[in-house]
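Scroll down for the structure; my scribbles are underneath it.
Only the coordinates and a few stated rules stand behind these numbers; no lab work does. Here the structure is a predicted model, which means the values were calculated and not measured. In this analysis, Cβ positions are derived from the backbone assuming ideal geometry, glycine residues included, and neighbour counts consider all displayed protein chains.
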Amino acid sequence: MKKKKEKKEIVIKVENISKAFEIPHERNDTIRSVFVNIFKRKIFEKFKALDNISFEVKKGEFFGIIGRNGSGKSTLLKVLAGIYQQDAGTVQINGRISPFLELGIGFNPELSGRDNIYLNATVLGLTKKQIDEKFDSIVRFSELERFIDQKLKNYSSGMAVRLAFSVSIHANRDILLMDEVLAVGDSNFQSKCLSEFSRYRELGKTVILVTHSVEIVQRYCNKAMLLRNGKIVKIGKATEVADKYVFENMSDEERRLSKEMHKKEKGVKKTKEIGRKKAVEIKGIKFLDSYGVEKKVFKTGDDMSIRVYFKKYKDVPVLNFGLGIYSQEDFYFCGFSTIRDKVNTKDFVDKGYYQVDIKDIPFAENVFYLKLNIAGNDLGNYYDYVGRTKETFRVFVNKKNPGNVNLLYNWDKLKINR
Amino acid sequence: MRMEKSHENYKELIWMLVKTDFKLRYQGSFLGYIWAILSPLLTFAVLNFVFSSVFARGNGAEYYPLQLLIGIMTFTFFSDGTRAGLGSLVAKSRLVTKIYVPRWVLIFASTMNTGMLFLMNLIVLVIFFIFYRFLPSLEAILFFVLLVVLMYVVILGFSFLTAAFYVRFRDLSMIWAVIVRALFYATPIIYPIQVMPEYIQKVILLSPIGFIVHFSKESLINNHFPEIWQFMLFVVASFAFLFIGIFIHKKTIKKIAENI
């Protein structure tokens with residue numbers, strides 16, 4: 001292997017591009033309103049989809065663009081592809097770009113697989129001669145030899161995607177733009193696609209991938225950019241950008257949940273006032289991280305504490321506490337009870353709350369609510385009971401395995417990156 | 001800004017789009033391609049049945065069925081071509097929003113497609129000429145070819161002018177359909193131009209479609225041609241129209257992907 005380190009060539013240079021969309025404030029949907037508004041100056045709301053974006057992509061990079069819906073990532077890709085014209089700034093592209101953002105453009109269900117290959121490949125810029133040469137290879141990669149002369153409408157959607165992908169990787173461009181294509185196809189084919197992308201890098205080609213999958217960015221991209229509201233939040237090493245993205249999502253999530261909770265609390269209070277005073281009443285819940293900071297979103301593997309506040313109105317001799325964790329689809333994950341665990345609850349009674357500390361949250365990604373109860377010696381007779389708490393917490397996972405829990409595991413002696 | 005072209009060869013792309021559209025047009029119908037010929041023929045049969053007795057003799061309408069057929073076919077080219085051109089960008093919206101293909105390619109391809117249909121219709125026309133044992137003069141045939149080319153220039157001009165507007169104002173297709181229907185009667189297709197008063201004849205010849213239909217019939221059947229200055233004026237006007245169309249197209253096409 002040659003170890004000569006050359007200064008890498010810049011293939012895409014984007015400088016200060018901005019793009020705004022005009023959203024009309026009032027739409028003329030009826031003939032009447034057209035006539036009424038014909039002399040009025042139309043008012044547009046400017047929506048800045050891209051705001052002063054600059055970056056460079058070097059040859060051979062696998063560049064990920066990540067961001068939430070509406071962050072401007074697809075708009076950016078369309079500007080790179082030449083579909084949109086930017087309002088300001090320059091885009092410089094050295095090398096032949098594959099100008100497609102979706103698989104199977106031009107595909108027609110009424111045509112056979114064979115005809116569709118020719119059609120799609122021509123749209124992607126191949127000549128008839130090139131397609132003739134590559135035809136067998138395209139069919140082989142798609143694994144659709146038996147169906148190639150059937151009409152596309154008889155294909156399953158997965159098959160159509162395979163065919164489309166196969167054509168597009170044979171388009172053989174220096175720079176590949178891809179928008180969220182990996183969400184389709186079975187997992188086997190997906191990994192095949194992604195390893196094909198990785199092969200591209202070895203061939204010195206550049207791949208730009210728009211996605212919101214953290215996992216894909218971490219695994220395949222070497223550089224990435226995080227967009228938020230049309231601005232670059234972070235650009236750099238893929239793993240770091242992905243971490244930042246997870247973190248951003250968490251704080252977004254916190255805000256959303258607390259807002260929701262606030263709304264619900266107001267409703268709850270009213271109904272409670274009507275009921276008669278209980279001997280002991282559950283007052284509130286807090287979810288805390290290992291530093292004792294209140295949070296509503298946790299990562300798998302974090303430590304967390306659940307603290308339940310209560311108030312005693314009458315003197316009761318003994319108190320016992322219970323707590324169950326349920327996922328949002330009412331799946332019972334686990335439950336704790338001071339009676340079963342034979343815990344001395346005197347301490348809790350003094351403090352006015354009880355608390356469960358959980359180490360290494362083993363749950364997979366989900367939203368959880370709690371079932372709470374406070375009882376005396378007799379479990380059947382609750383002082384207070386909450387069947388479904390309004391407060392919920394959410395768990396995020398970096399690496400997704402299917403299922404409800406995320407266990408620490410190893411393949412025999414091989415270490416897994418978690 | 002962009003260094004390289006996205007396609008080596010627009011010719012192949014256009015040809016592929018034309019071929020596919022053509023293939024798909026009659027997909028699933030029992031008679032398939034035959035419909036391309038059959039539908040203007042049926043129109044012809046009906047109109048011929050109704051009007052041949054009215055215009056059969058006198059008024060310079062010799063070979064009325066042939067004249068009618070020439071009129072119908074050239075007019076069909078015009079109406080199909082303009083309609084296809086008008087809707088070309090919307091019909092292929094995925095090629096506008098999901099990939100960069102030069103937009104003129106799409107406009108070109110969809111109008112070319114109707115051109116192909118017209119060529120197929122010409123075969124029928126030839127068969128009719130043989131059936132009536134009528135042979136136009138060589139210069140008449142060459143002149144007709146010239147007129148067809150000019151017709152395509154006019155269609156292209158119209159398409160460039162309107163395709164981008166149509167994306168935002170979908171009413172255009174309805175409006176245009178009505179205008180085309182009116183034009184059918186305002187054009188000397190079912191009647192010879194001579195039945196009209198002199199000043200209306202002049203107005204008809206001012207419209208490109210009226211000019212082309214009239215002189216197609218005149219040249220092929222009566223071996224009668226327009227004055228040189230008249231023809232040159234028409235050529236200049238057609239190309240001017242095309243260039244205006246392209247100019248407007250360039251102005252209106254910029255934000256097309258956002259509006260479609």
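Take each residue of peptide B:216-222, count the partner chain Cβ atoms within 10 Å of its Cβ, and average: the result is 0. Cross-link pairs exceeding 29 Å between alpha carbons, from the set A:Lys231/B:Lys98; A:Lys19/A:Lys129; A:Lys13/A:Lys237: A:Lys19/A:Lys129. Averaged over the residues of A:118-124, the number of partner chain Cβ atoms lying within 10 Å of the residue Cβ comes to 5. Extension gain, A:Lys48 to A:Ile339, is 98.9 nm, computed as 0.36 nm per intervening residue step minus the present C-alpha separation. Over the Cα atoms of the stretch B:73-206, what is the Rg over Rh ratio if Rh follows Kirkwood? My calculation of the ratio gives 1.04.
With a Förster radius of 41 Å applied to the beta-carbon distance between A:Gln355 and A:Lys237, the computed FRET efficiency rounds to 0.60. The simple spin-label model puts a point 7 Å past each Cα toward its Cβ; for B:Lys202 and A:Thr90 those points are separated by 5.8 nm. Other protein chain C-beta atoms within 10 Å of residue C-beta, averaged over B:92-99: 6.
Taking B:Phe51, B:Phe144, B:Phe75 in turn, the Gaussian network model of chain B (Cα-Cα springs below 10 Å) assigns the largest fluctuation to B:Phe51. Each other residue within a Cβ distance under 11 Å of A:Lys237 adds +1 if Lys or Arg and -1 if Asp or Glu, for a net charge of +1. Across the stretch B:2-259, the volume of the C-alpha convex hull divided among the residues equals 151 Å³ per residue. Using the Cβ of B:Leu24 as centre and a radius below 14 Å, the other residues enclosed give a net charge of +3, where K and R count +1 and D and E count -1. Taken over the Cα atoms of the protein assembly as shown, the convex hull encloses 267 Å³ per residue. So which residue, out of B:Ser79, B:Ser29, B:Ser219, gets the largest mean-square fluctuation from a GNM of chain B using Cα contacts under 10 Å as springs? For chain B, modelled as a Gaussian network with Cα springs under 10 Å, the answer is B:Ser29.
In the protein assembly as shown, the DSSP beta bridges split such that about 75 percent are antiparallel, to the nearest 5. Label-to-label distance for B:Val145 and A:Lys371 is 8.9 nm, based on points extended 7 Å past Cα in the beta-carbon direction.
In square nanometres, what is one fourth of the surface area of the convex hull spanned by the alpha carbons of the stretch A:84-184? Kindly include the intermediate steps, with their values, before the conclusion.
Values: hull surface 29.0 nm².
In nm², the orientation-averaged hull projection of the stretch A:84-184 is 7.2.
If each DSSP helix of 4+ residues adds -39,500 (n - 2.57) and the sum is divided by the residues in chain B, what number results at 222 nm, nearest 500 deg cm²/dmol?
Working: 12 runs with 199 residues, N = 260.
One gets -25500 deg cm²/dmol as the mean residue ellipticity at 222 nm.
Of the residues B:Ile123, B:Ile212, B:Val18, the one whose Cα sits farthest toward the positive end of the charge dipole of the stretch B:2-259, with +1 on the Cβ of Lys and Arg and -1 on the Cβ of Asp and Glu, is B:Val18.
A Cβ-based charge dipole, computed about the Cα centre of chain B with Lys and Arg at +1 and Asp and Glu at -1, lands at about 1040 debye.
With a simple spin-label model that places each label point 7 Å from the Cα along the Cα-to-Cβ direction, the separation between B:Ala45 and B:Ala240 comes to 4.5 nm.
With R₀ fixed at 25 Å, the C-beta to C-beta distance from A:Lys153 to B:Phe30 puts the FRET efficiency at about 0.85.
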